[in-house]
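**Q** Sharing a structure below in structure tokens format, with a few things to ask.
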Amino acid sequence: MHPESWQLTDDLDDFLARAGGFLRSRPAPHTVPLTVTDTLRRHGLHYYGSGPPLFGTLAAPDGTVLAALTRTPPHGLCLTAVTPEQAEALAERLAGLGHRFPEVSAERDSAAAFAAAWRRRTGREATVHRRRRLYRLGELTPPEPAPEGRPRVAGPVDRALLLRWFGEFAQAVGEGPGRDAGPWADARLSYGGITLWEAADGTPLAMAGATREIAGQVRVAPVYTPAALRGRGYAGAVTAEVSRAARAAGAAEILLFTDLANPTSNALYQRLGYREVADFAVWAFGD
């Protein structure tokens, strides 16, 4: 396969014209590029950072799209499923153009194939940074008994809290500081995309978010409980409420990712009715 088979662009409209149908054809495994490109379309190309985004498609001779990529700096490369041959061609194409990025995220085998190809092309060492599992909601089973408290959709008055919790969540999952939480909070508040679990006196105890619906799918993220409040069932309760609301609003598929290194969260979401779809991996590249 020739590296030029991968067509690269920084034009979001051009990318969606070519890849939109392909991404929508498998909304569950394509949840990340679907929601990322929808966010960029709504909020601008620099929503995630100041660097220019990159998009790409791989097409068969008849024009059928076989694979796609997105990159929103400072984040790494996000790939749909690729074969080892397709990964090799992409690595050669990107390396030849001088691209550099911190990591690649894709379904497990595709991520490993690209990491190996990138190491061969660039000499950069690659290590598994995170293993994730994608789940789809089956029959929702809210926790019984429910913990104390009640759900409430976050509003503008909660913005400062969301900024603080977003930063704490990023550190808890190993992403560290760096991203301005303001655009994230404003975007989520604009459509009621964060639900809080609060005590009877109104004290917030946990939060769960959901992306906008696109291609029939909604992804639950993030889910966060401050460390001092964990182990009391708040995360399960607020996740169940967000999941219920997404289904009531008509979402055909309700999805979420878990870190496979966290058996507690994996067990929790399975108790709520989430079932495995596929395993993903994030490979980090050294200097």
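The values are calculated or read from the model by the stated rules, or taken from the named source; none is laboratory data. None of the values given here were measured: they were computed from a predicted structure. Note that we place each Cβ from the backbone using ideal geometry, even for glycine, and neighbour counts take in every protein chain shown. Each accessible area value is taken on the protein alone, full model and side chains, heavy atoms only, with ligands, DNA and RNA left out. Shrake-Rupley method; radii C 1.70, N 1.55, O 1.52, S 1.80 Å.
**Q** Evaluate Rg over Rh across the stretch 96-212, taking Cα atoms for both radii and Kirkwood's formula for Rh. Could you put the intermediate results ahead of the total?
**A** Working: Rg = 19.3 Å, Rh = 17.7 Å.
Rg divided by Rh gives 1.09.
**Q** Now for a separate question. Taking only the alpha-carbon positions of the stretch 137-279 and ignoring solvent, what does the Debye formula give for the base-10 log of I(q)/I(0) at q = 0.13 Å⁻¹?
**A** Once normalised to I(0) and log-transformed, intensities are -0.54.
**Q** If you place +1 on the Cβ of every Lys and Arg and -1 on the Cβ of every Asp and Glu, how big does the dipole about the Cα centre of the stretch 195-247 come out, in debye to the nearest 20? Walk me through the intermediate numbers first.
**A** Values: 6 positive and 4 negative charges, 43 e Å.
With Lys and Arg at +1 and Asp and Glu at -1, about 200 debye.
**Q** Something else: Of 113, 67, 53, which is farthest towards the positive pole of the stretch 1-139's charge dipole, taken about the Cα centre with +1 and -1 on the beta-carbons of Lys, Arg and Asp, Glu respectively?
**A** 113
**Q** Place +1 on the Cβ of every Lys and Arg and -1 on the Cβ of every Asp and Glu in the stretch 137-279, take the dipole about the Cα centre, and give the residue among 221, 210, 190 whose Cα lies farthest towards its positive end.
**A** Ranked along the dipole, the leading option is 190.
**Q** Long-range amide H contacts for residue 219: which residues qualify at under 5 Å (H placed 1.01 Å from N, peptide plane, sequence gap of 5 or more or a different chain)?
**A** The answer is 211, 255.
**Q** Against the 2.2 N^0.38 Å scaling, with N counting residues, where does the chain land? I'd like the Cα-based Rg ratio to two decimal places.
**A** Values: Rg = 19.3 Å, N = 287, 2.2 N^0.38 = 18.9 Å.
After normalising by residue count via 2.2 N^0.38 Å, the value is 1.02.
**Q** Right, next: Assigning unit charges at the beta carbon (Lys, Arg +1; Asp, Glu -1) and nothing else, what dipole magnitude in debye, to the nearest 20, does the stretch 6-124 show about its Cα centre? Before the final figure, lay out each step's value.
**A** Working: 13 positive and 12 negative charges, 62 e Å.
For this selection, approximately 300 debye.
**Q** Going by Cα centres, the stretch 1-71 and the stretch 176-227 are how many Å apart?
**A** Here the two parts' Cα centres lie 25 Å apart.
**Q** Here's something else I'd like to know. Please check: in the Gaussian network model of the chain (C-alpha springs, under 10 Å), which one of 167, 236, 98 has the largest mean-square fluctuation.
**A** The residue that fluctuates most here is 98.
**Q** A further question on this structure: So how long is each side of the stretch 9-75 along the principal axes, counting just the alpha-carbon atoms, biggest first, in Å?
**A** 36, 23, 18
**Q** If you build a Gaussian network model of the chain, linking Cα atoms that sit under 10 Å apart, which residue out of 67, 228, 170 swings the most?
**A** Result: 228 has the largest fluctuation of those listed.
**Q** Just how large is the dipole of the chain about the Cα centre, in debye to the nearest 20, putting +1 at every Lys and Arg Cβ and -1 at every Asp and Glu Cβ?
**A** On the way: 32 positive and 31 negative charges, 76 e Å.
Taking the Cα centre of the chain as origin, the dipole is about 360 debye.
**Q** Can you pull the percent of the chain's accessible area that's carbon plus sulfur, 1.4 Å probe, other chains left in place?
**A** Working: 6700 of 13120 Å².
Its accessible area is 51 percent carbon and sulfur atoms.
**Q** Tell me what the chain gives for mean residue ellipticity at 222 nm when only DSSP H runs of n ≥ 4 count, each as -39,500 (n - 2.57), the sum divided by the residue total, rounded to 500 deg cm²/dmol.
**A** Numbers: 8 runs with 104 residues, N = 287.
Using -39500 (n - 2.57) per qualifying helix, the result is -11500 deg cm²/dmol.
**Q** Could you work out how far apart the two model spin labels at residue 97 and residue 244 are, taking each label as a point 7 Å from the Cα in the direction of the beta carbon, and quote it in nm?
**A** My value for the distance between the label points is 4.7 nm.
**Q** To continue, here is another question. Modelled label-to-label distance, residue 141 and residue 187, 7 Å Cα→beta-carbon offset: nm?
**A** 3.4
**Q** Per residue, how much accessible area does the chain show when a 1.4 Å probe rolls over the protein heavy atoms, in square angstrom? Intermediate results must be reported in sequence, preceding the final value.
**A** Numbers: 13120 Å² over 287 residues.
Heavy-atom accessible area per residue stands at 46 Å².
**Q** From Cα pairs below 8 angstrom and at least 6 apart in sequence, can you work out the relative contact order of the chain, rounded to a whole percent? Mind dumping the intermediate values first?
**A** Values: 531 pairs, mean separation 66.6, N = 287.
With pairs under 8 Å counted, the relative contact order is 23 percent.
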